[in-house]
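Have a look at the structure below before the remarks.
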């Protein structure tokens, strides 16, 4: 076993700046293209007008072109009659004004007579005439260098006689995916194989940042092959990305390939996710080794490839799309690493709230679900709950302001609600975060959400939800929006091969549990207590998952033999189910939130037949009272 | 002469809402495309995971996969030695964990020995293992309906087994340019002809808003031809735009074509520019007649086509990109019309300042130069100078915050400075507005700009700039940045056919003047006074232009015979020039602005050889002291 060592762990800003400085001399090339196809391209140099606009004296109104000196005597008491040809010609907007005519009178100011038009006021030279060059004169600058061309620019470029223009040539970026375990998305996936998807994300990111991507076929972990391909790539492209093999594992050849053919400036950067970045050079071309985890590759692309692409196109590295938000949880610093934490955002009571998502580099879905990310600096104390932090937006701010924030217990039906609200209205979005019933209510109390989904059993009364809400919200007017009754039970493999029929049977099998504070955990613990079983007796009682589906898939894939969850998840994965209890899965909100526009949209969905049909499909739900509102 | 009447002048919001409601039933179609090509497309329906991620229990670290029960006894005092195969296998991140192994120990925690690895702490099942479905489980939702796909989504779609997806089909938009006077951009432009450029702006705007544009060849003003083509277009497309002929002129056939083949809902909307809009329907398809002036067509496209395109793609009509800025001038309301006023933006002293540009519908350059626009409501009192107003951004806010705002006197060299600052630095932008020297100083005093360009002669002392600055800025520390000495004189046609040699000669010829408050006007009036000539003696003394180039082009194109201006403009248009005076064209700013980063960039340009070479090329400048700073 031979593992590489990181050459040096560098600070991100420093590593990036050194890298950019090293390639400062790479001046962009230009190409000449048709202006009509130049949207979003960057001007190579300032573009001057080749024609004046307008290119002749032109009529600014519908009416008549006149000789202004013939109108001087006109007044209300002494109207003047103008005769065709000798005094005027009819004109429409845009027509050329030719000698001897030098002014235009609007149609509205004319009185028709048998032998011409009567006017009651004089006009003067150039009245209602757009003089040559009024808009722009030949040789004046239309657009400066390094300007990103918009649709409106295209019209003006054409009208100033620039039908072709010099633009900065798109930098070409070669992407070399590597890895013995990698298969292409159209190939069959077998156990132990991983689908190569990063390269396609890069292809699209490169396109978004003005580059042209060339994706090479997946390379096996073979140093000579990687070196050969790298040499070819630096010849064919302006920049090369190798992914992955940038780490220090046994089959990580990127560092060797680059250092043997050229120079490595940086191996390892103190960011998380993303540490194993390589910044180097081969034959004068920049070569970047990006790590393999999708999140690491995304953030390192953003941190190193984007600034280089911008520099190569003479574009500013922008600091836009950063907003201030209140963080809901304390985030410890990773000390040695600057950390990128994904957050979900929502606007509650006029405050933008950022709820951190999973922190692992492998949690790709956390980036899809994220509305933005914040950066926790290295060597810092982290951030405290309720601190204001800077968030880099990944979605429109506008979307965030129209997002209905639901934090609480997980159920498959939340996905359906999310989708149906989106389908019914182009205006609202749903952000649902699954932290369990109790944490959901706490978030609602802290005004970090608009609504909590909950199924909490009060052991004393045997009632669901209402007792705990009344206990937690003593001063506020709250409402309970009825949701569904759902079947909770034991999820076991198809055919129940382990013959698990009761909670007692669980002591002989590998259990998978839900996290503390979740309604399902409360229910399980209540049932265990009733039956005199202690958690310690159950193998895997400490093995926690955060959603019903995660429990179901653990059983399906034999990571566990049994777990507690809802019927619909067992059904979705074709597992067997043993009923334990019915429970009330409801929604809680502040009374005054009932007027929020997306709350209305939410209630509409709850009551819709379409939603009920979907619940029947999922299975295990009854919903007699769904959407009913109880003021507590 | 037969002119149409507007059917009804409607309010924009109402007209648009009625139109959108009428086509509410047009549901989008879908198409199935390869996920790798789906950037910026809109999901047609919710997309579920077809595969769990990870699809097997996988190693989260480089190290060894172990049987956790074999590690239970390990401690610092009693290390356990693990043996290959019986106790462990070597693994790298991403490798599959297979029975009997159930946990991973990181390479960092291993001590190498002769017969295996020594460990000093136990591990537990699933330690450093990414369990099947940890990221997402089959059947969970990856993306909701109507979601715009980003690069990161593409990676996740692929990894969840969605290599093809259903997206909303792009609405196809037919563009029918019309007009006898129109020529294509690749054709020769003769006097009286206008280049057809709007359609190309539409093509690109449609692309930006997710549609697919089909531009038809330019149609002559022939009702039957327009009708035939319109019928073809509604069959081939989802939406048809006719441009122009939407007004009430003699050759405006759009209204007739639509009303004869279908229905007109709206003809005329109370917006300015843009009144002559037609909203109609032919064979169930929406048909929109847009006005011909580029600015009118831009704003009406934005007001009517964009919302319809969004509705057709189930996308929200967004109200994003609106900021608050302080307006520099009082803007009267047009009363009957809602008016779109273009503004230049800049951040001065932490306040975003909006300076209105020309208001005419024909001033296309004003939209290219604009950073945004504000809307002055109809039936309102307008806005007062220094009011805070809402501005719709046309550029990045970030760009505005890095913009060096120069307001003052015009010179061709400002374009060069603008371009060279842009070329030297990717970080700064220049916004220069030409209002004349005096207005420029007033703007600087009101903190509406960072710098004023000025050449104001003090009649008493015969000195340039310094006296008036001291008079206007009594309490502040100001600096004068030396610019150029430039030649001012009379601009006449090549060969001086009218034999104009002195100001006295101007009384016999058509003069073109500069606006009041401009340095050139002050100089002219001073010279006239010295020579005992009154303005009234000069024909065209009241015919004003706002830039030197506008004066030069008026002479070149025979709108006037003579005007006063700078040498470089005469040279640019190959005109003759009679020297009248040298003048000092300088820059003024507050002392503390010298530290602004773009001010440094500006001073660098002033002193650069590259800039001096360009001045020599333009001609008529000397610049011994350029860039020198005088504290006043």
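The values are calculated or read from the model by the stated rules, or taken from the named source; none is laboratory data. In this text, all values refer to a predicted model and were calculated from it rather than measured experimentally. Note that we place each Cβ from the backbone using ideal geometry, even for glycine, and neighbour counts take in every protein chain shown.
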Worksheet entry | residue A:185, sole failed condition from (1) facing another protein chain (nearest Cβ under 9 Å); (2) closer than 30 Å to residue B:306 by Cα | (2)
Worksheet item: Can you tell me which residues in segment A:501-515 are over 31 Å from the mean Cα position of the chain (by Cα) and part of a loop (DSSP other than H, G, I, E, B)?
Response: A:501, A:502, A:509, A:510
Worksheet, complete the sentence: Of those in segment A:91-108 that are outside any loop (DSSP other than H, G, I, E, B) and under 16 Å from residue A:132 (Cα atoms), the residue nearest to the other protein chains (Cβ to nearest Cβ) is A:96
Worksheet item: Quick one: which of B:462, B:372, B:440 is within 25 Å of residue A:134 (Cβ to Cβ) and away from every other protein chain (no Cβ under 14 Å)?
Response: B:440
Worksheet item: Picking from B:184, B:180, which residue would you name as being in contact (Cβ under 8 Å) with a residue 12 or more places away in the chain, farther than 30 Å from residue B:60 by Cα, in the same structural domain as residue B:229 (by TED's automatic domain parsing) and out of contact with any strand residue (DSSP E or B) (no Cβ under 9 Å at 6 or more places or on another chain)?
Response: B:180
Practice prompt. Specify which of the listed residues (A:619, A:519) is surrounded by 15 or more Cβ atoms within 10 Å (Cβ to Cβ) and at positive phi.
Written response: A:619
Worksheet item: Has segment A:115-134 got any residue that is surrounded by 23 or more Cβ atoms within 10 Å (Cβ to Cβ), facing chain B (nearest Cβ under 10 Å), within 30 Å of residue B:399 (Cα to Cα) and modelled with pLDDT under 90?
Response: yes
Worksheet item: Just a yes or no: is a residue in segment B:111-132 closer than 30 Å to residue B:168 by Cβ and part of a loop (DSSP other than H, G, I, E, B)?
Response: no
Worksheet item: How about segment A:436-449: which of its residues are in contact (Cβ under 8 Å) with a residue 40 or more places away in the chain, surrounded by fewer than 22 Cβ atoms within 10 Å (Cβ to Cβ) and touching a helix residue (DSSP H, G or I) at 6+ places or on another chain (Cβ under 9 Å)?
Response: A:438
Worksheet entry | Members of segment A:10-51 that are in a helix (DSSP H, G or I) and either under 29 Å from residue B:214 (Cα atoms) or over 31 Å from the mean Cα position of the chain (by Cα) (or both) | A:22, A:35, A:36, A:37
Response to the item:
Within segment A:378-392, restricting to residues that are surrounded by fewer than 23 Cβ atoms within 10 Å (Cβ to Cβ) and at pLDDT 90 or above, the one that is nearest to the chain's Cα centre (by Cα) is A:392
Discussion item. Need the failing condition index for residue A:228 against (1) more than 32 Å from the chain's Cα centre (by Cα); (2) touching a residue at least 12 places away in the same chain (Cβ under 8 Å), just the number.
Written reply: (2)
Discussion item. Out of B:40, B:57, I need the residue that is facing chain A (nearest Cβ under 9 Å), crowded, with 21+ Cβ neighbours inside 10 Å and out of contact with any helix residue (DSSP H, G or I) (no Cβ under 8 Å at 6 or more places or on another chain). Which one?
Written reply: B:57
Worksheet item: Only one of (1) facing chain B (nearest Cβ under 9 Å); (2) surrounded by 19 or more Cβ atoms within 10 Å (Cβ to Cβ); (3) at pLDDT 90 or above fails for residue A:168. Which number is that?
Response: (1)
Practice prompt. Could you please find all residues in segment B:63-73 being out of contact with any strand residue (DSSP E or B) (no Cβ under 7 Å at 6 or more places or on another chain) and not in a helix (DSSP H, G or I)?
Written response: B:67, B:72
Worksheet item: Taking segment A:387-400 as the search range and keeping residues that are touching a strand residue (DSSP E or B) at 6+ places or on another chain (Cβ under 6 Å) and touching a residue at least 40 places away in the same chain (Cβ under 8 Å), which one is farthest from the other protein chains (Cβ to nearest Cβ)?
Response: A:387
Worksheet item: Is there a residue being facing chain B (nearest Cβ under 8 Å) and under 18 Å from residue A:620 (Cα atoms) anywhere in segment A:569-576?
Response: yes
Worksheet item: Within segment A:466-501, how many residues turn out to be in contact (Cβ under 8 Å) with a residue 12 or more places away in the chain, out of contact with any helix residue (DSSP H, G or I) (no Cβ under 9 Å at 6 or more places or on another chain) and closer than 30 Å to residue A:540 by Cα?
Response: 4
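Quick grid of which residues meet (1) at pLDDT 95 or above; (2) part of a helix (DSSP H, G or I); (3) over 25 Å from residue B:443 (Cα atoms):
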| site | (1), (2), (3) |
| --- | --- |
| B:581 | no, no, yes |
| B:587 | yes, no, no |
| B:599 | no, yes, no |
| B:606 | yes, yes, no |
| B:612 | yes, yes, yes |
| B:627 | yes, no, no |
Practice prompt. Go through segment B:154-164 and give me each residue that's touching a strand residue (DSSP E or B) at 6+ places or on another chain (Cβ under 9 Å) and either over 12 Å from residue A:295 (Cα atoms) or more than 8 Å from chain A (Cβ to nearest Cβ) (or both).
Written response: B:157, B:158, B:159, B:160, B:161, B:162, B:163, B:164
Item to complete: Kindly indicate the residue of segment A:533-555 that is more than 8 Å from every other protein chain (Cβ to nearest Cβ) and in a helix (DSSP H, G or I) and also surrounded by the most Cβ atoms within 10 Å (Cβ to Cβ) among those meeting that condition.
Response: A:551
Practice prompt. Hey, can you tell me all the residues within segment A:186-208 that are in a loop (DSSP other than H, G, I, E, B) and buried (at least 21 other Cβ atoms within 10 Å of the Cβ)?
Written response: A:196, A:197
